[in-house]
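Structure first, then comments.
The values are calculated or read from the model by the stated rules, or taken from the named source; none is laboratory data. The structure displayed is predicted, hence computed values, not measured ones. Cβ atoms come from the backbone with ideal geometry, glycine included; neighbour counts cover every protein chain shown. Surface accessibility is based on the protein's heavy atoms, side chains included, excluding ligands, DNA and RNA. Shrake-Rupley method; radii C 1.70, N 1.55, O 1.52, S 1.80 Å.
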Amino acid sequence: MKLRLWLASGTLTLSGLFAAVAVPATTLATTTAGSTTTADTTTAATTACTDGRWPRSVQGRPTLFHAGGRAGDYIWHDANGWHVRVTHATSSRFVFSGRIVSSAPLDAAPVGLEGRDYVALSADRKTISYRLVNYGGIDGFNFRTACARSLSFLGYMNGSKLPVSRIWLGYYNVHPLQNPFIVTRVS
């Protein structure tokens with residue numbers, strides 16, 4: 001694997017099978033409870049990007065993901081964009097929340113939300129905040145970027161920061177090195 005470290009930006013990028021998925025993103029914060037705004041999904045960000053691709057480590061649906069699976073966030077990218085899903089193994093109430101910050105505008109579409117769940121897109125369309133109340137089924141959302149160079153992810157479960165062992169990325173179920181983490185395009 002080729003390893004490049006950009007100290008000035010604090011971004012770690014690995015090229016190859018398990019490319020860059022984890023660096024600090026200390027400026028992120030948890031979602032604000034009580035918001036009921038939903039994302040506007042009328043404009044899809046479908047621009048073809050010429051400055052690289054998302055790393056292989058985030059490509060494809062995690063093989064461990066299924067309703068009632070291990071509690072946590074399942075995140076992947078494919079030809080239809082990005083996908084975030086949550087689940088857990090019991091029928092008790094778990095609350096998953098978090099924030100995704102992009103270097104370019106985003107569009108988001110909720111999937112399987114009910115009741116007090118929400119997915120909110122900021123006014124500048126560069127931040128998605130979410131709160132998903134889960135009872136063992138599947139909740140989540142899809143989103144697209146307008147050629148973002150990087151995405152920062154921060155996830156919580158029941159008010160505590162998710163341990164990295166509860167975050168699965170891509171088909172190979174890769175765990176980030178820390179939470180929050182940044183995914184950066186590779187050349």
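Summary of computed values
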{"item": "Selection within segment 65-80 - part of a loop (DSSP other than H, G, I, E, B), closer than 18 Å to M157 by Cα and of a type outside the set (G, A, S)", "result": "F65, H66, R70"}
{"item": "Subset of segment 81-107 (residues that are in a strand (DSSP E or B), within 20 Å of R53 (Cα to Cα) and touching a Lys or Arg at 6+ places or on another chain (Cβ under 9 Å))", "result": "G81, W82, H83, V101, S102, L106, D107"}
{"item": "Tabulated pairs, segment 160-175, first small (G, A, S), second open to solvent by less than 50 Å² (accessible area, probe 1.4 Å), C-beta under 7 angstrom, 6+ apart or interchain", "result": "G170/S57; G170/V58; G170/G60; G170/P62; G170/W76"}
{"item": "Single residue of segment 154-187 satisfying the filter (polar (S, T, N, Q) and assigned to a loop (DSSP other than H, G, I, E, B)) that is surrounded by the fewest Cβ atoms within 10 Å (Cβ to Cβ)", "result": "S187"}
{"item": "Of residues in segment 133-148 being of a type in the set (A, V, I, L, M) and within 16 Å of the chain's Cα centre (by Cα), the one modelled with the lowest pLDDT", "result": "A146"}
{"item": "Count of segment 126-149 residues which are assigned to a strand (DSSP E or B) and more than 21 Å from P62 (Cβ to Cβ)", "result": "4"}
{"item": "Sole exception among (1) open to solvent by less than 50 Å² (accessible area, probe 1.4 Å); (2) within 24 Å of S187 (Cα to Cα) for R149, by number", "result": "(1)"}
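Residue-by-condition table, conditions (1) touching a Pro at 6+ places or on another chain (Cβ under 7 Å); (2) at pLDDT 90 or above; (3) exposed (fewer than 11 other Cβ atoms within 10 Å of the Cβ):
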position: S15; (1), (2), (3): no, no, no
position: D51; (1), (2), (3): no, no, yes
position: H66; (1), (2), (3): no, yes, no
position: H77; (1), (2), (3): no, yes, no
position: A104; (1), (2), (3): no, yes, no
position: D107; (1), (2), (3): no, yes, no
